Every structure is written in structure tokens, then in C-alpha cells.
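This report concerns only the one structure given below.
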Amino acid sequence: MVQTRRRKRGKVYLHGINRKRLWLKEKRKREVRVRHCPLIRSNWELKHSVPTNYHEFALVHDIKKSFPIPQTKDLINPKTLKKYIKQKEENSDNDDDNDCLPLPIIDSTKQKKKRRPTKVHIRDELEKDANTERVKSLRISDPDRLFCIYMIEKHGINYEAMARDHHNDYQLTARQLERKIEKFKKIPKVYERYLAEKAEGKNFLAEFEMDD
């Protein structure tokens with residue numbers, strides 16, 4: 001049977017493709033994707049691709065490629081596998097069955113040499129910023145603030161009485177109320193404002209009774 005030869009086709013200009021739109025799409029691929037890091041945004045090179053930019057910062061773009069998990073079939077060296085099987089068969093003929101040869105393994109640590117990154121200081125600054133200790137800022141909503149003030153003014157530190165109060169709409173237990181009031185006292189801006197208003201002689205319970 002005669003085989004048909006594939007004819008070489010000349011290049012044809014595709015008029016239905018918008019070249020400007022393709023160029024803008026390729027340009028968007030190279031834009032910086034990190035929004036909340038001004039250090040990376042200021043040093044980002046639009047002429048380079050995303051993996052190249054990450055390599056210049058000495059950062060990892062694709063963790064699966066940088067730290068792959070090889071399978072067993074990929075680790076076995078096929079060149080020395082036959083020799084390994086032959087030596088194993090010879091050892092099986094001997095009386096000593098405990099002697100076993102190690103499986104020939106390919107060294108997966110060898111990787112292609114890449115040029116050194118030029119902006120290593122960015123990685124060091126990011127690592128330094130990540131290791132800095134941050135103070136956790138506590139926040140409380142305005143209804144919770146008024147709720148804590150009402151409970152403290154009416155019951156003091158009697159949390160069992162707070163749990164039985166008719167204003168305890170969410171039926172919080174005494175332990176939950178204690179934690180909520182402790183949180184209220186740990187916010188200096190809110191708690192100091194409450195103490196200052198109390199020192200001025202403000203009657204909080206009268207305001208709550210008006211709301212009822």
C-alpha cells in the first residue's frame with residue numbers, strides 16, 4: 001500500500017486573531033500578582049516572567065518543581081538495575097540470606113545550575129519581617145462594650161448573677177461572661193474611657209433602664 005506523504009503547508013496569516021489582544025494578554029501574565037507586599041511590587045520587572053522574577057528574589061515560585069517528591073520508579077537507576085539483580089541472585093545461592101545489597105538509587109539532589117539571583121536582599125528583608133514579633137490587637141464591638149459595662153455596673157464580679165440576668169440574650173454561661181469581661185478590660189482604649197466616664201459621675205444603669 002502506497003503511503004501518502006504529508007505536504008508542507010506555507011504559513012498563512014490568520015486574519016481572525018486580534019494580535020493586540022494577544023499581546024495584552026501576554027503582558028498581563030507578566031504583571032505582579034503580589035498585592036500586599038510593596039517591597040516585591042517596587043522591585044518587580046515587567047520585562048521578566050513571573051518565575052524569573054521570583055528567582056531574582058531568591059524565592060520559590062513553584063514548590064512542586066523546586067522540591068519534588070520523586071516516585072520509586074524514578075529513583076531506580078536502570079543502568080545498574082540489571083547488575084543489582086544479578087548480584088542478588090548470586091547472593092541468594094549462598095547460605096547467608098541476611099546479606100542484601102542496597103538498591104541502586106539515582107541522586108535526585110543534582111539539579112541544573114542556574115545563575116545566581118541578583119536581589120537576595122529582598123528575601124532577607126521578607127524573612128526578617130516575618131520573624132518580627134507582632135502585638136495582637138484586641139477589638140470589641142460597640143454592643144459588646146455596652147453589654148460588659150451594664151454587667152459590671154449591675155453585678156460587679158458576680159458572674160453567676162450575670163448569667164441569670166434577663167439582658168443575657170445569648171444565654172452565655174458564667175465562664176463565657178468572665179472571658180468576655182476580661183477581654184473588655186484588656187483593651188486599654190475602651191476600658192480607660194469607661195473608667196474616665198465613671199469617674200465623672202456618669203450613670204450607666206439609668207441609660208440602660210431608659211432603653212428598656
Discussion item. Given the condition under 30 Å from Phe57 (Cα atoms), under 41 Å from the mean Cα position of the chain (by Cα) and not aliphatic (A, V, I, L, M), answer yes or no: does some residue in the range 135-145 qualify?
Written reply: yes
Worksheet entry | Selection within the range 19-65 - among the small types (Gly, Ala, Ser) and under 19 Å from Asp124 (Cα atoms) | Ser42, Ala58
Worksheet entry | Flag if Arg7 is among the basic types (Lys, Arg), open to solvent by less than 100 Å² (accessible area, probe 1.4 Å) and either under 30 Å from Glu125 (Cα atoms) or not assigned by the TED database to the domain that holds Ile122 (or both) | no
Discussion item. I need the full set of residues from the range 191-212 which are hydrophobic (A, V, I, L, M, F, W, C) and in contact with a helix residue (DSSP H, G or I) (Cβ under 6 Å, 6 or more places away or on another chain), in order please.
Written reply: Phe204, Leu205, Phe208
Worksheet entry | All positions within the range 3-41 that are among the hydrophobic types (A, V, I, L, M, F, W, C) and part of a loop (DSSP other than H, G, I, E, B) | Val12, Leu14, Ile17, Val32, Val34, Cys37
Discussion item. Under 7 Å between Cβ atoms, which residue pairs at least 6 apart in sequence (or on different chains) link something in the range 52-65 that is without any contact (Cβ under 8 Å) to a residue 40 or more places away in the chain with a partner that is in a loop (DSSP other than H, G, I, E, B)?
Written reply: Asn53/Trp44; Asn53/Glu45; Tyr54/Val60; Tyr54/His61
Worksheet item: For the range 147-162, which residues satisfy the criterion of being without any contact (Cβ under 8 Å) to a residue 12 or more places away in the chain, outside any loop (DSSP other than H, G, I, E, B) and open to solvent by 30 Å² or more (accessible area, probe 1.4 Å)?
Response: His155
Item to complete: Return the only residue of Thr173, Thr132 being of a type outside the set (Gly, Ala, Ser), open to solvent by less than 90 Å² (accessible area, probe 1.4 Å) and closer than 30 Å to Ser42 by Cβ.
Response: Thr132
Worksheet item: Given (1) outside any loop (DSSP other than H, G, I, E, B); (2) at pLDDT 75 or above, where does Leu138 come up short, assuming only one miss?
Response: (1)
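The values are calculated or read from the model by the stated rules, or taken from the named source; none is laboratory data. Here the structure is a predicted model, which is why all the values come from computation and not from measurement. Positions of Cβ are generated from backbone atoms using ideal geometry, with glycine treated the same way; all protein chains shown enter the neighbour counts. Side chains are part of the model used for accessible areas, which takes the heavy atoms of the whole protein and leaves out ligands, DNA and RNA. Shrake-Rupley method; radii C 1.70, N 1.55, O 1.52, S 1.80 Å.
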